[in-house]
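Please read the structure below before turning to the comments.
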Amino acid sequence: MHNRGPSTPLKQTARGQKRREFALENDGKQPGIWLMATQWDGRAIVATPKETMTALRIGRAKFYELLNSGILESFLEGKSRKVLWRSIEAYVERRLGEEAHRRGNPKV
């Protein structure tokens, strides 16, 4: 996927609908995930619920299960929910550790 700026033309989707893609910044590591806020080193510090679900490849129900259980840290900015990327990364690391332990390979 190409990095598209805020003034990109309309793009036709598979269903024939037209949409406009907006982006402030893309970290290059996760194609299609557009970052809204960055740290000084250029890494994102927050993600939207949609970005979180896309990054983790989970649905809305699982997302809110992780959010309500406190596994994912978040806050409201006005009416917009923001999820901390560090909590997303910590969740993935924790799951990798659990999987390694389950397989009897606790060196991860």
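Selection of first residues in the stretch 61-72 that are closer than 11 Å to P49 by Cα and modelled with pLDDT of 95 or more and of second residues that are among the hydroxyl-bearing types (S, T, Y) and outside any loop (DSSP other than H, G, I, E, B), restricted to Cβ pairs under 9 Å at least 6 apart or on distinct chains, gives the following pairs, ordered by first then second residue: F63/T52; L67/T52; L67/S74; L72/T52; L72/S87; L72/Y91. Considered as a group, the residues in the stretch 60-81 that are more than 12 Å from the chain's Cα centre (by Cα) and assigned to a loop (DSSP other than H, G, I, E, B) include one that is nearest to V46 (Cα to Cα), and that residue is E73.
Could you check how many residues of the stretch 82-103 are β-branched (V, I, T) and not in a helix (DSSP H, G or I)? The qualifying residues number 1.
Restricting the search to the stretch 60-79, which residues are farther than 17 Å from R95 by Cα and of a type outside the set (F, W, Y)? If the condition is that a residue be farther than 17 Å from R95 by Cα and of a type outside the set (F, W, Y), then R60, A61, N68, S74, L76, E77, G78, K79 are the ones that fit.
The values are calculated or read from the model by the stated rules, or taken from the named source; none is laboratory data. Note that this is a predicted model, so its numbers are computed, not measured. Quick reminder, even Gly has a Cβ in these numbers, built from the backbone with ideal geometry, and neighbours come from all protein chains shown.
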